[in-house]
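Scroll down for the structure; my scribbles are underneath it.
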Amino acid sequence: MSYFTQIFDLPILNLEKELGNLIESKKIQWHNSNQICINTLPSHPDDYLIGTGSLMYDWENKKRIEKSDGTVEYEVPERTNPRHESDFSILCTVFKDSLFEEIYQSIQTKYKLGRIRLMKMKPKTCLSWHMDDCIRIHYPIKTDKGCMMIIDQEVKHMPANTWWQTNTLPYHTAINASKIDRIHLVASVLE
């Protein structure tokens, strides 16, 4: 059984160029979490950062704990009023009339969605070993052969401009062992 399933019925678009244009025109910028959310809350139609980071954990207020053996651990508090994936129900206004709107509409016709985020990983970085509460759809925008995702014990490189459904309910991580930024469009699927 594979945790990765390639999807062939969604559009292939040059999102790297579109993203570059939006950043160059200063309509958007990367948040310190290296995420941009293309959909948002109806109460915040212009906010492309409100959906970034963890909905459950407040990583910005993590507490560093130095252990007696010299190692360091982090305690990450849960949010007091977490939002839910289903709360992110409209396209953020900054993405109107862009290829991201086209992608958003295409994915919505096939899936019930939560957040759709642009996620950037810096070179030589790795995510924590964690579980998600729903499956995800990935569209690698910028990648390299040193960029891989590991779910349970299965390792996969997803080439640029391909669509993948990933079962990220088991423990998993992503690594960028390359020398360039890795950028994926990642959609949370609620059903």
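No value in this document is a laboratory result; all are computed from the given coordinates. All of these numbers come straight from a predicted model, not from anything done at the bench. Ideal geometry is used to build each Cβ from the backbone, glycine not excepted, and the neighbour counts take in all protein chains shown.
Full extension of the segment from Ile23 to Glu73, taken as 0.36 nm per residue of separation minus the current Cα-Cα distance, would add 14.5 nm. Remark: Cys126, Cys134, Cys92, Cys37 ranked as Cys126, Cys134, Cys37, Cys92, counting other beta-carbon atoms within 10 Å and listing the fewest first. For the range 4-189, the relative contact order is 25 percent, taking Cα pairs closer than 8 Å that sit 6 or more residues apart in sequence and dividing their mean separation by the residue count.
Once you keep just the Cα pairs under 8 angstrom separated by 6 or more residues, what percentage relative contact order results for the range 12-81? Intermediate results must be reported in sequence, preceding the final value.
On the way: 64 pairs, mean separation 13.4, N = 70.
Relative contact order for the range 12-81 comes out at 19 percent.
In this structure, Glu101 and Ile65 have a Cβ-Cβ separation that, at R0 = 41 Å, corresponds to a calculated FRET efficiency of about 0.40. Comparing Asp97, Asp144, Asp132 in a Gaussian network model of the chain, where Cα atoms under 10 Å apart are tied by springs, the biggest mean-square fluctuation is seen for Asp97. Of all aspartates and glutamates in the structure, those lying under 13 Å Cα to Cα from Lys62, and not within fewer than 8 positions of it along the same chain, are Glu73, Glu75, Glu78.
Among Ser54, Ser68, rank each residue by its count of other Cβ atoms within 10 Å, from fewest to most, as a rough exposure measure. Can you show the working numbers first?
Values: Ser54 14, Ser68 5.
In order of increasing Cβ crowding within 10 Å: Ser68, Ser54.
Could you please rank Val76, Val94, Val155, placing first whichever residue has the fewest other Cβ atoms within 10 Å of its Cβ? List each step's numbers first, then the result.
Details: Val76 14, Val94 18, Val155 11.
The order, fewest Cβ neighbours first, is Val155, Val76, Val94.
Placing +1 on the Cβ of every Lys and Arg and -1 on the Cβ of every Asp and Glu, with nothing else charged, gives the chain a dipole about its Cα centre of roughly 460 debye. At what distance in angstrom do the alpha carbon centres of the range 58-83 and the range 5-55 lie from each other? Value for the Cα centre distance between the two parts: 27 Å.
Electrostatic bookkeeping for Pro11 treats Lys and Arg as +1 and Asp and Glu as -1; over the other residues with beta carbon under 14 Å from its beta carbon, the sum is -3.
What ratio of Cα Rg to 2.2 N^0.38 Å holds for the range 4-189?
Numbers: Rg = 16.6 Å, N = 186, 2.2 N^0.38 = 16.0 Å.
Cα-based Rg divided by the globular estimate yields 1.04.
Modelled spin labels at His84 and His157, positioned 7 Å past Cα toward Cβ, are 4.1 nm from each other. Which shape class, rounded, prolate or oblate, goes with the range 49-125 when its Cα gyration tensor gives a ≥ b ≥ c as root eigenvalues, a/c under 1.5 marks rounded, and past that a/b bigger than b/c marks prolate? Prolate shape, in that a/c is at least 1.5 and a/b is the bigger ratio.
Which of the residue pairs Lys145/Lys179; Lys17/Lys156; Lys124/Lys179; Lys17/Lys120; Lys26/Lys179; Lys122/Lys142 have a Cα-Cα distance greater than 18 Å in the structure shown? Present the calculation step by step, with values, prior to reporting the outcome.
Values: Lys145/Lys179 10 Å; Lys17/Lys156 25 Å; Lys124/Lys179 7 Å; Lys17/Lys120 15 Å; Lys26/Lys179 25 Å; Lys122/Lys142 11 Å.
Where the Cα-Cα span goes over 18 Å, the pairs concerned are Lys17/Lys156; Lys26/Lys179.
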